[in-house]
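Trainee: The structure that follows is given in the form of structure tokens.
The values are calculated or read from the model by the stated rules, or taken from the named source; none is laboratory data. Here the structure is a predicted model, which is why all the values come from computation and not from measurement. We place every Cβ from the backbone using ideal geometry, glycine too, and count neighbours over all the protein chains shown. Side chains are part of the model used for accessible areas, which takes the heavy atoms of the whole protein and leaves out ligands, DNA and RNA. Shrake-Rupley method; radii C 1.70, N 1.55, O 1.52, S 1.80 Å.
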Amino acid sequence: MSDGIDARPPGWFWIVGALALLWELFGVAMYLMHVGVIPDSGEMSEAERSLMESSPTWVTGLFAIGVFAGALGVLGLLLRKRWARPLLLLSLLAVVLQFGGWLLVTDAIAVIGPSVFAMPAVIVLVAILLAWLAAVGVRRGWLA
């Protein structure tokens, strides 16, 4: 393991980074659909639409912070910049608060059922892994 800032990340780092960037850009698109910037072509039941529209503003704000900080953080990873780490930590914090708040202050569980936990769990897990990857990158000198 090299402690130099010129340490080159392994090949898998670039593959994971590219996939993560696609993931984050998908999240940005979902946010833009949520706020109406991009038309949503998906079909929702009336209860699901009502649930989405009743989401508190602060949850939507956390959604924005989560996806935009995540996208910029992953871009930072690919550019091998140390500032990727705090952005990915911010993204992780935002998604945890967003989904925690959304599940606690809305009727999401009643409207969607137990499957409501699946996607938030995957999103939080990916955010944890990306924050961990940034920490490893800083420790191993991949990010300067």
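Trainee: Give the residue, chosen from ALA110, ALA94, ALA144, ALA121, that is among the hydrophobic types (A, V, I, L, M, F, W, C) and touching a residue at least 40 places away in the same chain (Cβ under 8 Å).
Mentor: Residue meeting the stated conditions: ALA144.
Trainee: Scan region 33-64 residue by residue and report those that are in a helix (DSSP H, G or I), open to solvent by 50 Å² or more (accessible area, probe 1.4 Å) and polar (S, T, N, Q).
Mentor: The answer is SER50, THR57.
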